[in-house]
Amino acid sequence: MSFTPKSKHLIAGEWLDGPSTFKSEPAHGDAFDYPVGTPDLVNKACEAAEGAFWTYGYSSRETRAKFLETIADEIEARAEEITQVGTSETGLPEARLHGERGRTTSQLSLFASHIRDGAYLDVRHDKALPDRAPLPRPDLKMVQRPIGPVAVFGASNFPLAFSTAGGDTAAALAAGCPVVVKGHSAHPGTSEIVAQAIDAAIRKCRIHPGVFSLIQGGNRDVGSALVQHLLVKAVGFTGSIGGGRALFDLCAQRDEPIPFFGELGSVNPMFVLPEAAKARGAAIGEGWAGSLTMGAGQFCTKPGIAVIAKGADGDAFVAAAKSALEKTASQTMLTNNIAKAFKGGKSRFDVHNAVVALLTNEDEGRKASPNLYQTDLEDYLKDHALGEEVFGPLGLIVRVSAAQEMEIIAKGFEGQLTATLHMEDDDTDLAKSLMPILERKAGRILVNGFPTGVEVADTMVHGGPYPASTNFGATSVGTLSIRRFLRPICYQNMPDALLPAELVIP
Ligand code: NAP
């Protein structure tokens, strides 16, 4: 099958050109020209989204559930093309693209059943108390309502599950919010095919076409115009701390500030407690190496730092991790810029005089092989930069002299998406002393597992204190993520004729 892109933006049902083009940079295969986005196109898309809100925001949950399921069907109908273009653009293997497509369509189906169920509306009712003294209580009802148009930034590291029809888009559409996507320039062809699937679903379900637009990137003006547009009411973002922070600041500086739900960076610390190290240090080391290098280390949940005590048990962990990493082949990184940023991050470790290189590799171009470094508590605490995320296959082991020193390290971490404990029953006292610290640091705490492979579920929290996310009350994965795009409204003494359907209690 040969792919020829439309090379257009999708703005409210129309496929439109831009004034100029940029060339894609595929890992292999043909490069194509795509249209550069502009603030004018952003304005057109946002106005159409606002127009759509007046019907879509008041549509039935069943209408929206069917729409989400139809998008999933239309994505499946384009499976072969998505895999072909996605692998070419990102360098990710076919199996990953298949798996990610499955995750994307099941997220859409999960949100369909979530809104059909209706519990997310959090309906509340305080009945009137006309005889209450000294003042009567009015009848009060509350429900969660959609907030209006939402801007979504496609993520470079999830071309499907966190891009055009990914988790942010699915949650916003489920809530009743039209979506304007700023496509990531790492995978414009994949974005275009998925936008075609959404366009087909809009037509089949007869939804207002302003409910979805895709503006391709190629120009920083697009992102800044989008987050500053008066009609946009919230933003979903996954990417770098620098880019995310710049966009977050723009959201905060608006005359009407809006929430910026950014998922930025995390090193996901892993603590190997003494009895676990003694019982199965080598097995944990091998497992860690697998998690560290999964997807070339380009997962936001990559466990980048392992903390373990000095001594023979810790040495067995280190030796097993190193041996497993030595056997791991080089992988292609998502973009030329990400590969360049990785090499920059790695070189900081290579020249650091307080870090010992256990395994280093130099690769050409977009390739990257595993790298492993070690330091101790004293040196680690001297340099804050050692605790920063390096996006790619690189791990740092921090050796402590006494297990209690793990508390000192834990207290020094910034906000994290995850924190992991490897423990046996006899480690429980130490684990208990770490838990209150980890609860203040991370959105998800795991025991005896690895954080890569995020379950899409009702209980999932993919967020955490800054810089893991810019909004610690929110998650970007799982059904709770719909709350980002809802606003509670209280209705006082309201006749049934004026109430949202869900509040009309028979
Ligand atoms: P990025 O540079 O933050 O870009 C993400 C999106 O935001 C892109 O659409 C980009 O537009 C836009 N953007 C960034 N800065 C902007 C600004 N100042 N004004 C307007 N728009 C802006 O992230 P990336 O391209 O995905 O990857 C770069 C680095 O981000 C990686 O090396 C890695 O360190 C980190 N990253 C982390 C995670 C994670 O999950 N923790 C995930 C992905 C990436 P353009 O495309 O036009 O630049």
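The values are calculated or read from the model by the stated rules, or taken from the named source; none is laboratory data. Keep in mind that this is a model prediction, so the values were computed, not measured. Heads up, the Cβs are rebuilt from the backbone with ideal geometry, glycines too, and the neighbour counts pull from every protein chain shown. These area figures cover heavy atoms from the full protein model, side chains too; ligands, DNA and RNA do not enter into them. Shrake-Rupley method; radii C 1.70, N 1.55, O 1.52, S 1.80 Å.
Per residue of region 201-214, in order, report the coupling 6.51 cos²θ - 1.76 cosθ + 1.60 (Karplus, θ = phi - 60°) as ³J(HN,Hα) in whole Hz, putting x for Gly and Pro.
Calculated HN-Hα couplings, in order: 5, 4, 5, 4, 8, 6, 9, 4, x, x, 5, 8, 9, 10 Hz.
Please give the Cα centre distance for region 99-125 versus region 437-467, rounded to the nearest Å.
Distance between centres, Cα-based: 20 Å.
DSSP beta bridges in the chain, what fraction antiparallel, as a percent rounded to 5?
Of the beta bridges lying entirely in the chain, close to 40 percent run antiparallel.
Once you charge only the Cβ atoms, +1 for Lys and Arg and -1 for Asp and Glu, what is the size of the charge dipole of the chain about its Cα centre, to the nearest 20 debye?
I would put it at about 880 debye.
Angle, helix 336-350 long axis vs. longest principal axis of the chain, Cα atoms, 0 to 90°, nearest 10?
The angle comes out near 30 degrees.
Just going by the charge dipole of region 138-275, with Lys and Arg at +1 and Asp and Glu at -1 on Cβ, which of Phe260, Gly210, Ala174 is farthest out on the positive end?
Gly210
Of the GluC sites (Glu not before Pro) in region 421-479, which ones lie in a loop per DSSP and count no more than 14 other C-beta atoms within 10 Å?
Glu455
Dipole of region 270-447, Cα-centred, from +1 at each Lys and Arg C-beta and -1 at each Asp and Glu C-beta, to the nearest 20 debye?
660 debye
Evaluate E = 1/(1 + (r/R0)^6) for Glu76 and Ser224, where r is the Cβ-Cβ distance and R0 equals 35 Å; express this FRET efficiency to the nearest 0.05.
Efficiency, from the Cβ-Cβ distance: 0.50.
Once the piece of chain linking Glu407 and Lys343 is laid out straight, how much longer is it, given 0.36 nm per residue of separation minus the C-alpha distance between them?
So the chain would gain 19.9 nm between Glu407 and Lys343.
Calculate for the chain the 222 nm mean residue ellipticity that helices alone would give, adding -39,500 (n - 2.57) per DSSP H run of length 4 or more and normalising by residue count, nearest 500 deg cm²/dmol.
-12500 deg cm²/dmol
How many Å² of accessible area per residue for region 270-447, probe 1.4 Å?
Computed with neighbouring chains in place, this is 41 Å² per residue.
How many angstrom lie between the Cα centre of region 223-271 and the Cα centre of region 170-204?
The two parts, judged by their Cα centres, are 19 Å apart.
Checking the table Lys44/Lys182; Lys340/Lys411; Lys66/Lys233; Lys278/Lys327; Lys310/Lys346; Lys327/Lys382 against a 21 Å threshold on Cα-Cα, which pairs fail?
Lys340/Lys411; Lys66/Lys233; Lys278/Lys327; Lys310/Lys346; Lys327/Lys382
Tell me which trypsin sites (Lys or Arg not before Pro) from region 112-181 have a DSSP coil assignment and no more than 11 other beta carbons within 10 Å of their own.
Filter output for region 112-181: Lys127, Arg132.
If each of Thr21 and Thr63 carries a label point 7 Å out from its Cα toward its Cβ, how far apart are those two points in nm?
It works out to 3.9 nm between the two label points.
Only loop residues by DSSP count here, and only those with at most 15 other Cβ atoms within 10 Å; note down the trypsin sites (Lys or Arg not before Pro) in region 272-315 that meet that.
Lys310
Sequence-distant or interchain residues sharing an amide H contact under 5 Å with Lys367, placed H: which?
Long-range HN contacts for Lys367: Met333.
Distance between Cα centroids, region 473-496 to region 58-92: provide it in whole Å.
Comparing the Cα centres of region 473-496 and region 58-92, I get a distance of 25 Å.
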